[in-house]
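The values are calculated or read from the model by the stated rules, or taken from the named source; none is laboratory data. Note that the structure is a prediction, hence the values are computed from the model and not measured. Backbone-built Cβ (ideal geometry, glycine too); neighbour counts: all protein chains shown.
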Amino acid sequence: MTIQRFEDLKVWQKSQDLAVLIYRQFRDLKNFGFRDQITRASVSISNNIAEGFERSSNADFKRFLYISLASNSELRSMLYLAQRLEYVEKELALELINETNQVSKILYAFIKLMK
């Protein structure tokens, strides 16, 4: 079965779910710069998967998957910082960090399949 739409990719769906969690968690944060950066990083993951999927070659798609991976790492780094700044409780930060680790695993596996 060939995937015809990026919306059918599990990694895209999971990264969208993660972005929703981030937006909801940080929507009331008064540090607007931090809020903007963490939400942009979160949405960049699924957006790059979608953009890469629509490219004309597997090489382009793979490049965008690596960009998604980098955005996911940025998000994870910001979650560690959010915990240290006490913007989120430690338990919640660790749950969200775990979600980013899951997205990373799926992205790495997908990239490996494209070799």
Of the listed residues (Ala109, Ala93, Ala82, Ala59), the one being among the hydrophobic types (A, V, I, L, M, F, W, C), within 19 Å of Asp8 (Cβ to Cβ) and in a helix (DSSP H, G or I) is Ala109
Find the residue count for segment 57-115, including only residues that are among the small types (Gly, Ala, Ser), over 24 Å from Asn31 (Cβ atoms) and touching a residue at least 40 places away in the same chain (Cβ under 8 Å). 1
Considering segment 1-25, residues that are among the β-branched types (Val, Ile, Thr), farther than 11 Å from Ile45 by Cβ and surrounded by 11 or more Cβ atoms within 10 Å (Cβ to Cβ), and then whichever is modelled with the highest pLDDT, we arrive at Val20
